[in-house]
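> First, the structure itself, so that you have it in front of you.
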Amino acid sequence: MKKKLALVTVHEIYGVNDHMHQVTQHFTSSHIDVFCPNLLQSQHAFHYSDEEKAYHFFMNHIGFDNGKKQIEEFITHLSSSYTHIGLIGFSVGATISWLCSNNPKIDFIIGCYGSRIRDYIHIKPTCATLLIFPEKEASFQYPLSFNRCSNKKILY
C-alpha cells in the first residue's frame, strides 16, 4: 500500500546544509515523509561565506538541466511508494522545482526565491504552484513578464 505524501526539498547552491536539515525536520510528520536529495552528490555542503565558490560549483558541475534530471529520477523512484508528491525548492532549488512543474507525477511545487525562473517563464505548470519572490532585493528584480501570464494568479 502506498504512503500518502512525499515532500522533496530541493536545496540552494550550498547543498544539504543545516538550513535544509531544519526544513526537513520542520515538515516531517506521521503523514509526510520528507527527502532532500543531494544534487552535489558527494560534495560537502558549502558555507554561506563561500557563496561565489558554491555558485560556480553548482553552475559548472550540476546546472539546472542536470538538477532537473536528478530530481525527476528521484520523483520516479518515489512514485511507486507515494500517492502524492510535492516539491519545495529554495533559490536554484526553486528554479529546478519550476522546471519539474509539468511532470505528471508531481502534485504541487513551492518555489522560494527562484530568481532564475525568469529564464524559464515559457514553462506552463500542470500542478498547483506557489512561487515566493522577495519584495525588494538588490540582486533580483521581479520578472515583469510574469504579469503577462493571463492564466496565473499573481500574489504580491
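> Obtain the nm distance between the two label points defined at residue 19 and residue 41 by a simple spin-label model: each point lies 7 Å from its Cα along the Cα-to-C-beta direction.
2.4 nm
> Additional query: Between (1) 16.6; (2) 16.0; (3) 15.2, which matches Kirkwood radius over Cα pairs in Å calculated for the structure shown?
(2)
> When the helix-only estimate is applied to the chain (DSSP H runs of n ≥ 4, each -39,500 (n - 2.57), divided by the residue count), what is the mean residue ellipticity at 222 nm, nearest 500 deg cm²/dmol? Show your work: numbers first, answer last.
On the way: 4 runs with 41 residues, N = 156.
Helix contribution divided over all residues of the chain: -8000 deg cm²/dmol.
> Dipole size in debye (nearest 20) for the stretch 3-148 around its Cα centre, Lys and Arg Cβ +1, Asp and Glu Cβ -1?
Numbers: 11 positive and 13 negative charges, 99 e Å.
Its charge dipole is roughly 480 debye.
> Moving to a separate point now. Taking the DSSP beta bridges in the chain as the whole, what percent of them are antiparallel, to the nearest 5? Don't skip to the answer; put the middle values down first.
Working: 1 of 22 bridges.
Of all bridge pairs located within the chain, approximately 5 percent are antiparallel.
> Can you pull the one-decimal nm distance between simple spin-label points at residue 118 and residue 105, each 7 Å off the Cα toward Cβ?
Going by the 7 Å Cα→Cβ label model, 3.3 nm.
> Related question: Calculate the FRET efficiency for residue 1 and residue 26 from the Cβ-Cβ distance with a Förster distance of 22 Å, rounded to the nearest 0.05. Mind dumping the intermediate values first?
Working: r = 26 Å, r/R0 = 1.20.
After rounding, the FRET efficiency stands at 0.25.
Read-outs throughout are calculated quantities, based only on the coordinates presented, and are distinct from any laboratory measurement. Note that this is a predicted model, so its numbers are computed, not measured. In this analysis, Cβ positions are derived from the backbone assuming ideal geometry, glycine residues included, and neighbour counts consider all displayed protein chains.
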